1. Looking only at the stretch 13-30, count every residue that is assigned to a helix (DSSP H, G or I) and either surrounded by 10 or more Cβ atoms within 10 Å (Cβ to Cβ) or of a type in the set (Ser, Thr, Tyr) (or both) and tell me the total.
2. Consider only pairs whose beta carbons are under 9 Å apart and that are at least six residues apart or on different chains; among these, list those whose first residue lies in the stretch 34-58 and is under 14 Å from residue 69 (Cβ atoms) and whose second residue is at pLDDT 70 or above and of a type in the set (Val, Ile, Thr).
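The values are calculated or read from the model by the stated rules, or taken from the named source; none is laboratory data. Being a predicted model, the structure only gives us computed values, none of them experimental. Ideal geometry is used to build each Cβ from the backbone, glycine not excepted, and the neighbour counts take in all protein chains shown.
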Amino acid sequence: MGQSVSFRDAAHAPSNEKQKEEWEKKYHWEEPHLWDYPMLPVKMTEASCAKCHRQNIYIPSAEKLNIAYAT
C-alpha cells in the first residue's frame, strides 16, 4: 500500500459508533478494505507492545496490557 499520509488512507479505526459517524461526515471515512492489518483504535494500541516485548512481564506505560498479563 505504500505510505499513507492522509487521515483517510492511514487505516484509522474509530473507537465507537459515534466516532465512526463523525469521521464519515468530517473525513469521508470508510472501512478499510485493502488493509490486512488496519490501525488499532487508541484504546487498543497497547496490544501492539507485545510485538516487541513478548518476553516482558511488565511494560512501562502499558497499564492495560500489564493487567491482562497479570490475570
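1. The qualifying residues number 7.
2. Correct list of pairs: 46/59; 49/59; 50/59; 53/59.
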